[in-house]
Structures are given as C-alpha cells and as structure tokens.
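To start, the structure under review is shown below, and the notes come after it.
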Amino acid sequence: MSDLYISWDEYHAKIELLAVQIYRSQWEFDQILCLARGGLRIGDTLSRIYNKPLAILSTSSYGGKDFQERGKLTIANNITMTTATLGKKILLVDDLVDSGVTLARILEWLKEHEEFAVTEVRSAVIWFKAVSIAKPDYYVDFLSDNPWIHQPFEKYEKMNLGEL
C-alpha cells in the first residue's frame with residue numbers, strides 16, 4: 001500500500017474544492033450531518049461556508065497500531081444537533097470513502113431511523129478509493145491505487161502530552 005501525505009494547506013484547499021463542487025451541482029440541502037471523527041473538520045467548514053446547521057454522528061471502525069486496522073463499525077446511538085429535528089435533505093460528510101462500509105451502513109441507519117423523516121441524502125468526501133463498495137455523490141480525489149492517507153491532524157494520535 002502506498003502512502004499519501006497531506007499538509008494543512010492541501011487539506012483546507014480540498015475542503016474548498018468540495019464546497020465548490022457541491023455548489024455547482026445546485027443541490028439544496030437543509031443540514032449537514034458529519035461523521036466523527038474524520039468528517040468533523042470538513043463538516044464544520046462546510047457548515048460555515050453554507051451557513052447550514054451541523055449535526056454530528058460519531059462512528060468508529062479503525063483501531064490497532066497507528067489506527068490503521070479496520071475493525072467492526074460502531075455507530076453512536078444518537079445524533080448531536082442544535083436543531084429540534086434533523087433536516088429533510090441531508091448532506092452527509094466524511095473525510096474519505098475507503099472500503100465504503102461506513103457510508104453504506106450510515107445510509108441504511110438513516111433509513112432505519114424513520115423518526116428523522118429524511119427524504120434525501122447526498123454524500124460528500126475528499127477522497128474516494130477505488131476499492132470502495134459505495135460511491136459518494138461528491139468527492140475531490142479518486143484514488144485508484146488505494147493509498148493510506150496521512151492527514152495533518154494524525155500527528156496528535158501519536159503524540160505524548162509531554163511532547164507539547
């Protein structure tokens with residue numbers, strides 16, 4: 001597996017490219033639902049750009065050495081949001097679609113939770129890997145060689161507080 005290293009400047013530029021792509025599609029949405037942890041920064045930025053409320057759903061599927069081992073997908077029981085209800089038209093945001101399992105399962109999860117009454121969901125990520133079983137609606141980079149992506153904030157996962 002190859003490695004792809006991303007700087008903070010590249011990361012922010014890609015979020016802006018994603019925002020432009022969504023804008024050019026002329027699709028109107030009510031709310032952004034980001035998947036934490038990877039989608040938090042992207043969701044926050046898009047929420048500010050579009051002036052739309054942000055909701056957060058925590059998920060986890062990576063662990064092990066350097067958080068590079070894919071395991072069982074865990075989905076939080078609740079969505080955190082400041083609105084009374086989740087919007088009808090949701091922009092689902094994450095950092096990447098790797099295997100596609102998380103994206104596919106979250107789309108099912110939203111359908112299973114009829115109390116949200118979501119009528120349309122579109123997904124947006126920065127990176128879309130060729131091995132994925134699910135294709136996002138919006139993405140910046142298609143990665144045919146399936147590299148391991150080293151994002152700029154990952155340094156904190158390996159940092160000892162004494163190093164600060």
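Annotations for the structure displayed:
- Helix-only CD estimate at 222 nm, as mean residue ellipticity for the chain, using -39500 (n - 2.57) per DSSP H run (n ≥ 4): -8000 deg cm²/dmol
- On Cα atoms only, tilt of 101-112 relative to the major axis of the chain in degrees: 20 degrees
- Calculated FRET efficiency, Ser61 to Arg24, Cβ-Cβ distance, R0 = 25 Å: about 0.20 to the nearest 0.05.
- Prolate/oblate/rounded label for the stretch 98-164 (Cα gyration tensor, a/c 1.5): oblate
- The angle separating the long axis of helix 8-25 from the principal Cα axis of greatest extent in the chain is about 30 degrees.
- Fraction in percent of alpha-carbon pairs per bin - 10 Å, the chain: 10, 40, 36, 13, 1
- Of Lys89/Lys135; Lys52/Lys111; Lys88/Lys129, those spanning more than 20 Å from alpha-carbon to alpha-carbon: Lys52/Lys111; Lys88/Lys129
Coordinate-derived values only; no laboratory data. Keep in mind it's a predicted model, so treat the numbers as computed, not measured. Methodologically, a virtual Cβ is constructed for each residue, glycine included, from the backbone with ideal geometry; neighbour enumeration extends over all protein chains shown.
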